[in-house]
1. Being at pLDDT 85 or above and farther than 17 Å from residue 103 by Cα: is that true of residue 281 here?
2. Among the residues of segment 190-212, which ones are free of Cβ contacts under 8 Å to residues at least 24 places away in the same chain and exposed (fewer than 15 other Cβ atoms within 10 Å of the Cβ)?
3. So for segment 21-41 (the condition being at pLDDT below 85, crowded, with 23+ Cβ neighbours inside 10 Å, of a type outside the set (Lys, Arg) and touching a Phe, Trp or Tyr at 6+ places or on another chain (Cβ under 6 Å)), does at least one residue qualify?
4. Consider residue 186 against the criteria (1) more than 18 Å from residue 44 (Cβ to Cβ); (2) touching an Asp or Glu at 6+ places or on another chain (Cβ under 8 Å): it satisfies all of them except one. Which criterion is unmet?
5. Restricting attention to segment 89-114, which residues are surrounded by fewer than 24 Cβ atoms within 10 Å (Cβ to Cβ) and farther than 21 Å from residue 200 by Cβ?
6. Can you tell me how many residues within segment 108-141 are over 29 Å from residue 282 (Cα atoms) and among the aromatic types (Phe, Trp, Tyr)?
7. On the given criteria, is residue 70 at pLDDT below 80 and closer than 21 Å to residue 318 by Cβ?
Amino acid sequence: MLIVFIALAVVFDFINGFHDSSNIVATVIFSRALPPRVALILAAISHFIAPFLFGVAVATTIGAELLDVSAITMNVIMAAVISGIIWNLITWYFGIPSSSSHALLGGLLGAALMHSRSIAVVNPSGLLIIVIALFLSPLAGLVVGYIVMKITLFLVRGATPKVSHLFRRFQIVTLIGLSLSHGTNDAQKTMGLIAMGLLLSGQISSFYVPMWVVTVSAAAIGVGTLFGGWRLIRTLGGKIFRIRPIHGFTSQIAGAIVILSAALLGGPVSTTQVMSSSILGVGAAERINKVRWSVLGDMAITWLFTIPVNAALAALFYLGLNLLTT
């Protein structure tokens, strides 16, 4: 059971990297700062390195602070992972950016509530940290993107069109920074899940993240990033507005600031939401009617349904797993 669960968690991590690579490389590719394959390789390497540099605060929040220990069973966390995998594949297929973080949170809550039949198993303090991080981060991305773009436009006022070549070079640096921040935040969700599984099976006596779990999780999200979710890359890179080097540079800076800040504070955020809102903020800072706001509406509907749909899916999978294991 533990081996099957770890395998599913690694698959979720791989799909997370595959799904969310669009958030990292879309602006770099569409602004022609780097060829697609080079951008994905650079992002994948940075994703692998990130968890070793910035700690595992997010993994602790997910694994030890959201649910009461009485609500956590192997079937609960396995159901949450399965629902997250299915949701990510569905939204990838239709090219709709969605949140792996929301999917995982909804799955954990739905399966745990089905197991315990009581809302008392949810730790209010842990849930508050996660909710604040998930729901305030898009607003932070929008605001920071707007501010960074305004500052950049002021600094390059009067510059010749050649400044675009400079921004293309800067994007290589910001791509690495954004990939590090994303790898720091998102790979830790899988680390937290695997550590929970190890604790439940008696492999560890208290919650912590062993180094081999860090290595496996970092490798899985890195390899997933390398393959790239092209349907989503096209949505973020081309459907919101026409991306130029200055937009790629500023949106990546804004996204990295928000994501890395949240990761260091232990708050799991949606990279999809942060980067989408950063791109919107950057576009609006230049000209508000530049942005195709209808795309935001499609994303908002998906974000709205992610948590409840995954909660329902995980609850159903929990019931199915219970039938299979009893």
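1. Yes, satisfied.
2. 202, 205, 206, 210, 211, 212
3. no
4. That leaves (1) as the condition not met.
5. If the condition is that a residue be surrounded by fewer than 24 Cβ atoms within 10 Å (Cβ to Cβ) and farther than 21 Å from residue 200 by Cβ, then 89, 90, 91, 92, 93, 94, 95, 96 are the ones that fit.
6. 0
7. Yes.
The values are calculated or read from the model by the stated rules, or taken from the named source; none is laboratory data. On a predicted model such as this, the values are computed, not experimentally measured, just so you know. In this analysis, Cβ positions are derived from the backbone assuming ideal geometry, glycine residues included, and neighbour counts consider all displayed protein chains.
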